[in-house]
Amino acid sequence: MLRFERYVCPDTPQEAYDLLRSDKAAVVIGGMMWLRLADRTVPLGIDLSRCGLDRIEETEEGFRIGAMVTLGQLERHEGLADATGGILSEAVRDIVGTQFRNLATVGGSLWSRMGFSDVTCALLALDTEVELVGAGRVPIIPFVERGAGRDVLTHVIVRRHAYRAAYSCVRAAATDFSSISAAAACWRGSWHVAVGSRPQKATLVTGGERIPLRERFSTTELDAALDAVSNLAFGSDLRGSAEWRREVAPVLVRRAIEAASAKEA
Ligand SMILES: Cc1cc2nc3c(=O)[nH]c(=O)nc-3n(C[C@H](O)[C@H](O)[C@H](O)COP(=O)(O)OP(=O)(O)OC[C@H]3O[C@@H](n4cnc5c(N)ncnc54)[C@H](O)[C@@H]3O)c2cc1C
C-alpha cells in the first residue's frame with residue numbers, strides 16, 4: 001500500500017514546484033493510478049488537483065492541455081479531435097476502461113515516459129511541446145528521450161496545423177497494454193510517424209529531424225520509411241518477441257498512414 005507521511009494540495013503549480021524542491025523524496029500526485037501500485041511510504045505527496053490544470057484550452061497557437069486533464073477528457077474533447085484527426089481519442093479509448101480513463105492524467109502519462117504509453121506515442125507524431133514550471137517549454141522529443149529533472153509538468157501544447165492523423169496498435173487482450181503501436185500524422189507537408197511499445201519508449205521515425213517522408217510520397221519513399229521502422233531497436237517481453245515486433249510495426253505504420261490519408265485535413 002502507498003502511504004504519505006504528509007499530503008499537501010497546493011493552489012498553484014509554482015507552490016507545488018517549491019514543495020517538490022523542498023524535499024528530495026517528495027512526489028507529485030497526478031491521477032495516482034500508477035503511483036498507488038507501489039508499496040512504500042513517501043514523506044511528502046503533492047497533489048496537483050487544486051492547481052487549475054484540469055482544462056483543455058483552445059488558444060490561437062493550438063490546444064493547451066492541463067497536466068491534470070484526464071485521459072477521458074482527452075478522449076471526449078470534440079474540438080481537439082476535430083483539429084487532430086481524432087488521433088488522441090483513438091490512442092486512449094482502449095486504455096483499461098472508462099472509470100480508469102476518468103482518473104489517469106495526461107501529465108502522469110507523459111511524465112512516466114513508459115514504453116507502452118499510447119498517449120506519448122500519439123503526441124510524438126503531432127507538433128507538441130510540454131510546459132514545465134522549472135524548465136519552461138520543451139519540445140516533446142527531448143522530453144521523452146531525456147525526461148526532466150525534479151520539475152512539475154503543467155501543460156501539453158499541441159500546435160495547430162491541418163492534421164491528418166491516425167493511431168494503430170495491437171493488444172493481446174482488450175484491456176492489456178499495447179504490444180506494439182504506431183501513430184502517423186501529416187502536417188506541414190510531411191508525415192510524422194512514431195512507434196511505441198517496442199517495448200522501449202516510443203520514438204519518432206519520420207518527420208522533424210528524423211528521416212523525411214513527404215506528404216505525397218512515392219512508393220520508394222514509403223518503403224524507405226517502412227525499412228527505417230523495421231530497423232528500430234525492438235526488444236522481447238511477455239507481450240511479444242523482438243522479431244514479431246519488427247514484422248508487425250511496419251504493417252501498423254502503413255495502416256496508420258492509410259487511415260490518416262483517408263481523413264480530411
Ligand atoms: C493497470 C494499468 C493499465 C494501464 N494501461 C495503459 C495503457 O494501455 N496505455 C497507456 O498509455 N497507459 C496505460 N497505463 C498508464 C496510465 O494511463 C497512466 O499513464 C498512469 O496511470 C500515470 O498517470 P497518473 O495520472 O495515474 O499518474 P500518477 O500515478 O499520479 O503519477 C505517475 C508518475 O508521474 C509523476 N507525475 C504525475 N503528474 C505529474 C506532473 N504533472 N508533473 C510531474 N510529475 C508528475 C508522479 O510523481 C509519478 O512519478 C496503465 C496504468 C495502469 C495502472
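Observations on the structure shown:
- In order along the range 202-219, the Karplus-derived 3J(HN,Hα) couplings, from 6.51 cos²θ - 1.76 cosθ + 1.60 at θ = phi - 60°, round to 4, 9, 7, 9, 10, x, x, 8, 8, 5, x, 9, 5, 3, 9, 7, 8, 4 Hz, and Gly and Pro are given as x.
- Ordering of 233-241, 221-229 by burial proxy (mean other Cβ atoms within 10 Å per residue, highest first): 221-229, 233-241
- The chain - percent relative contact order, Cα under 8 Å, separation 6 or more: 16 percent
- With contacts taken as Cα pairs under 8 Å and at least 6 residues apart, the range 164-261 reaches a relative contact order of 31 percent.
- Within the range 126-235: Cβ-based charge dipole about Cα centre, in debye rounded to nearest 20 (Lys, Arg +1; Asp, Glu -1): 180 debye
- Per-q log10 I(q)/I(0), the range 71-153, q = 0.16, 0.20, 0.23 Å⁻¹ (Debye; single scatterer per alpha-carbon; no solvent): -0.61, -0.93, -1.17
- Listed residues F177, G72, V8: farthest to the positive end of the dipole of the chain (Cβ charges): F177
- Here the chain is treated as a sphere whose radius is the Kirkwood value from Cα pairs; by Stokes-Einstein at 20 °C and 1.002 mPa s it diffuses with a coefficient of 114 µm²/s.
- Alpha-carbon centroid distance for the pair the range 7-22 / the range 217-258, whole angstrom: 42 Å
- Helix 242-261 vs. the chain, principal-axis angle (Cα, 0 to 90°, nearest 10): 80 degrees
Laboratory data are not the source of any read-out in this text; all were calculated from the coordinates shown. Computed from a predicted model, the values in this text were never measured in an experiment. Note that each Cβ is placed from the backbone with ideal geometry, even for glycine, and that neighbours are counted across all protein chains shown.
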